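Take a look at the structure set out below.
Any read-out appearing in this document is the output of simple, stated calculations on the displayed coordinates, not a laboratory observation. Note that the coordinates shown come from a computational prediction; the quantities given were computed from them, not determined experimentally. Cβ sites come from the backbone with ideal geometry, for glycine too, and all protein chains shown count toward neighbours.
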Amino acid sequence: MEGEPKVPMNSPLSLGAPIAPAALHIRVGFEMEYECPAPTPMILTLNVHYSRAGDLVFPDHLITMPAVPIHGYRDLFGNWCSRLVAPPGRFVVRTDALIRDSGETDVQAWGAQQIPVECLPESTLVYLLGSRYCETDQLCEIAWAHFGGGPTGWARVQAICDFVHNHITFGYQYARRTRTALEAYREGQGVCRDYAHLAIALCRCMNIPARYCTGYLGDIRIPAVPSPMDFAGWFEAYLGDRWYTFDARNNTPRAGRVLMARGRDACDVALANTFGPNTLQRFKVWADEST
């Protein structure tokens, strides 16, 4: 019709290309309160991952009450860690940061291929091995019985996520910090870290490198969930020539995922390692879209 703007035939609009989601800002942070009967050394892995450092609008500096010296270092997996000594009595550690995010959901790459073990980069091989919470030796027969006759590559990892998502019943009342992947398989219940551990162990049994991730995952662009906010656990699998994010707990691509740390399993990315008696009195986490 005359007077209407003309759209070039090769433009994204004319080809029906999807519109990119709008970028957003996410306010992330936590507050943890301890009671320590004596000076207590701590190692904390509570900072945003270095790969997201350039996205921080307001940095996630750790603040303690009372104030104590903090020494930072990078661990063997590249995660930011903080060393300090908590004084006797009430001790609070917190942070409150603002981070830019693309607003895009987790990448889906159905064509990503599984790489033969002999062709994998050396840096990925440690993520094929059993670890504290992922007993590949005891889950290998189970894994091959379920997934040995199916597709490989992305479809195999997704089949593992589908299985774990349906096999485990989620509930904070089921949380147990000592539960392993095999125990999660046998008990059929747990929290996000249990979903991740079982999926990681099954991937490794099928010769797919997989590593544990922890971070913030708020109710970004989904209906709000009434349960209390907590840190989240998910995993990454190595396919083709890169690592991809998978989440057996939610089992759907999500936006607003903010990585904190990676490792073989939750043992490598513990939020806090404490060296002395103490009681965690209070724990609060937030990850909210900021206007």
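Below, the figures for the structure above:
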{"item": "Per-residue ³J(HN,Hα) for the range 72-83, Karplus 6.51 cos²θ - 1.76 cosθ + 1.60, θ = phi - 60°, Hz, x for Gly and Pro", "result": "x, 7, 9, 7, 5, 9, x, 7, 6, 10, 10, 10"}
{"item": "10 Å Cβ shell holding at most 14 others, DSSP loop, chymotrypsin sites (Phe, Trp or Tyr not before Pro): longest site-free stretch of the chain", "result": "111-274"}
{"item": "Likely footprinting exposure, L239, L202, L182, fewest C-beta neighbours within 10 Å first", "result": "L182, L239, L202"}
{"item": "Per residue, the convex hull volume that the Cα atoms of the range 117-268 enclose (Å³)", "result": "110"}
{"item": "Per residue convex hull volume, Cα atoms of the chain, in Å³", "result": "175"}
{"item": "For the chain, built as a Gaussian network whose Cα springs stay under 10 Å, the top-fluctuating residue of A155, A175, A20", "result": "A20"}
{"item": "Helical contribution to [θ] at 222 nm, DSSP H n ≥ 4, -39,500 (n - 2.57), averaged over the chain, rounded to 500", "result": "-5000 deg cm²/dmol"}
{"item": "Over the range 26-84, relative contact order from alpha-carbon pairs under 8 Å, at least 6 apart, %", "result": "41"}
{"item": "Cα shape, the range 169-224, gyration tensor, a/c 1.5 rule", "result": "oblate"}
{"item": "Segment I43-N166, length gained on full extension (0.36 nm per residue, minus Cα span)", "result": "40.8 nm"}
{"item": "Along the chain, longest interval not containing exposed trypsin sites (Lys or Arg not before Pro), exposed being DSSP loop plus at most 16 other Cβ atoms within 10 Å", "result": "7-131"}
{"item": "Local electrostatic count, T180, Cβ distance below 15 Å [Lys/Arg +1, Asp/Glu -1]", "result": "+1"}
{"item": "The range 148-191, relative contact order in percent, only Cα pairs under 8 angstrom and at least six apart counted", "result": "40"}
{"item": "Normalised contact order of the range 117-268, rounded percent, pairs of Cα under 8 Å and 6 or more residues apart", "result": "28"}
